[in-house]
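Only the coordinates and a few stated rules stand behind these numbers; no lab work does. What you see is a predicted model; the values in this text were computed from it and never measured. FYI the Cβ positions are ideal-geometry reconstructions off the backbone, even for glycines, and counts take in every protein chain you see.
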Amino acid sequence: MAERLRERGISDPEILSAFASVPRHEFLPDAVGHRAYEDAPLPIGFGQTASQPSLQALYMQHLELSRTDRVLEIGTGSGFQTAVLAHLVDRVYSVERIRDLSVRARSVLDRLRISNVALLVGDGTIGWSRYAPYDAILVAAAAPDIPAPLVEQLALGGRMLVPVGTREAQRLLRVRRTENGLESEEVLDCTFVPLVGRFGWAGGGGAEG
Ligand code: SAH
């Protein structure tokens with residue numbers, strides 16, 4: 001896997017070693033487990049998708065993480081990206097709207113003895129105010145606009161990666177909160193499953209937790 005990520009321009013040794021130390025197959029349904037070490041998005045049930053590892057690595061590289069950063073992830077999904085983040089920073093907070101996915105992710109994280117992760121079942125478009133502000137926020141589903149509560153929960157100097165666009169196609173934006181407001185730049189074109197919630201898209205696709 002590390003070799004594939006390197007080919008795709010991921011150069012940060014800490015990120016490469018974090019990916020190498022998390023067994024992706026543990027987080028995937030049995031039906032796709034044999035494809036766990038391909039650099040491909042894979043179905044995880046409930047109409048959802050585990051993102052492509054190289055795209056997840058790119059997120060982490062653009063977030064410029066430091067060990068002491070407090071990180072919020074929206075869209076726990078399989079929990080694989082959550083586990084990789086847990087190797088890079090001291091504390092990870094992750095919100096997922098589909099209860100069954102969150103429960104499954106929790107059991108795999110426990111089995112792997114990854115203990116620095118807090119999971120919440122709920123609407124991540126409103127963030128997780130309890131532990132705010134966050135130094136980095138990763139949104140792993142596609143939003144119509146940058147959800148305002150997430151901007152509010154971003155620390156000064158904090159970075160957020162969020163795919164913004166239509167339900168079909170998005171641009172991955174990197175947003176930085178500065179003293180003068182928000183700075184935003186486009187990273188690449190992408191396609192994510194919809195972010196469903198109050199500051200996202202309306203219903204459909206998966207049961208509410
Ligand atoms: N990082 C995950 C990506 C999963 S796909 C992985 O690689 O496995 C995106 C996830 O976002 C889905 O699990 C979906 O249920 C979840 N999601 C969509 N809208 C959400 C919302 N408003 N709050 C929290 N999670 C949401």
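Key figures
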item	result
Shape category assigned to the stretch 1-118 from the gyration tensor of Cα positions, a/c cut at 1.5	oblate
Whether the chain is rounded, prolate or oblate, judged on the alpha carbon gyration tensor where a/c under 1.5 counts as rounded	rounded
Cβ-placed point charges (K, R +1; D, E -1), dipole of the stretch 150-209 about Cα centre in debye, nearest 20	80
The chain, dipole about Cα centre (Lys/Arg Cβ +1, Asp/Glu Cβ -1), debye to the nearest 20	420
Among ALA86, ALA36, ALA118, residue whose mean-square fluctuation peaks in a GNM of the chain (springs only between Cα atoms under 10 Å)	ALA118
Under 5 Å, built H, 5+ apart or other chain: amide partners of GLY127	none
Between the stretch 1-70 and the stretch 99-143, the alpha-carbon center distance in angstrom	16
Within the stretch 1-57, GluC sites (Glu not before Pro) in DSSP loop having at most 15 other beta-carbon neighbours inside 10 Å	GLU38
Helical mean residue ellipticity (222 nm; -39500 (n - 2.57) per DSSP H run of 4+; nearest 500) of the chain	-7000 deg cm²/dmol
Residue range of the chain that is longest and free of trypsin sites (Lys or Arg not before Pro) which are both DSSP loop and sparsely packed (at most 16 other C-beta within 10 Å)	114-166
Burial ordering of HIS62, HIS34, fewest other beta-carbon atoms within 10 Å first	HIS34, HIS62
Ranking of THR125, THR76, THR166 by count of other Cβ atoms within 10 Å, fewest first	THR166, THR125, THR76
Sparse-neighbourhood loop sites, GluC sites (Glu not before Pro) in the stretch 64-163 - DSSP loop, at most 16 other Cβ within 10 angstrom	GLU64
